[in-house]
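Down below is the structure, laid out as structure tokens.
The values are calculated or read from the model by the stated rules, or taken from the named source; none is laboratory data. These numbers come from a predicted model, not from an experiment. Cβ placement follows ideal geometry from the backbone for every residue including glycine, while neighbour counts extend to all protein chains displayed.
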Amino acid sequence: MKKIIVIGATGKLGKVVVEGLQKDYEVIRASRSGPDLKIDAFDFESISDVLASIGSFDALVSCIGGTPFKIFDELTMEDFAAGLSTKCFSQLNLAKAAIPFLRENGSITLTSGIIGDEPIIAGSCAAAANGALNMCVSTLAAEYAGKLRINVVSPSIIENSVDHYGMLFDGFEPTSNQSIIHAYRRTISAPITGQVLSLTRSL
């Protein structure tokens with residue numbers, strides 16, 4: 001049975017992913033508070049230490065990252081830096097730390113979002129962070145070709161977040177839990193790399 005580490009396992013997206021994987025995989029749930037592993041995605045050395053404690057594994061799935069939703073006039077460069085750090089740099093940090101522990105042809109799956117492709121009002125910071133992840137993955141796939149696979153899943157607003165984000169995503173079809181599960185399972189099992197799996201578009 002493949003050993004999968006899901007980072008951000010206690011969040012809205014992470015819970016869906018864990019539920020969809022745990023029947024067929026050994027899932028290790030990680031976040032800042034656990035429950036199985038406590039990981040600070042901004043601290044490279046601590047990530048490496050935690051991963052070393054469990055040894056080799058088959059896949060890492062990252063479901064972390066949020067950005068400020070403010071109109072451009074209200075955004076500061078500090079907001080942009082925080083959004084890029086939380087959504088993009090933290091996930092690249094996880095990927096970099098995971099590489100030495102991945103088994104042959106192991107898989108890394110990062111998470112961006114539909115705002116990398118489709119505009120919304122107050123979404124410029126999210127667009128920058130998601131777009132950076134989407135563009136980066138093809139280069140990383142080329143660098144590690146034949147050694148490991150790395151992909152991005154880009155969902156729309158997910159079903160269990162509709163009430164929270166309200167009208168920000170008016171006119172967007174929510175990504176169903178089943179679509180989310182299929183996408184992450186595909187990145188773990190299918191012979192694909194360097195891809196962005198965009199799950200839905202605006203209506």
Look through region 161-188, keep the residues that are closer than 18 Å to residue 60 by Cβ and in contact (Cβ under 8 Å) with a residue 60 or more places away in the chain, and return whichever of them is surrounded by the fewest Cβ atoms within 10 Å (Cβ to Cβ). 181
Out of 50, 18, which single residue is part of a helix (DSSP H, G or I), closer than 25 Å to residue 147 by Cβ, over 12 Å from the mean Cα position of the chain (by Cα) and free of Cβ contacts under 8 Å to residues at least 40 places away in the same chain? 50
Take the residues of region 58-103 that are without any contact (Cβ under 8 Å) to a residue 60 or more places away in the chain and of a type in the set (S, T, N, Q): which is nearest to residue 13 (Cα to Cα)? 62
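Is it the case that some residue within region 172-179 is closer than 19 Å to residue 197 by Cβ, within 14 Å of the chain's Cα centre (by Cα) and modelled with pLDDT of 90 or more?
No, there is no match, as no residue in region 172-179 is closer than 19 Å to residue 197 by Cβ, within 14 Å of the chain's Cα centre (by Cα) and modelled with pLDDT of 90 or more.
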Among the candidates 33, 85, residue that is small (Gly, Ala, Ser), surrounded by fewer than 20 Cβ atoms within 10 Å (Cβ to Cβ) and over 30 Å from residue 121 (Cβ atoms): 33
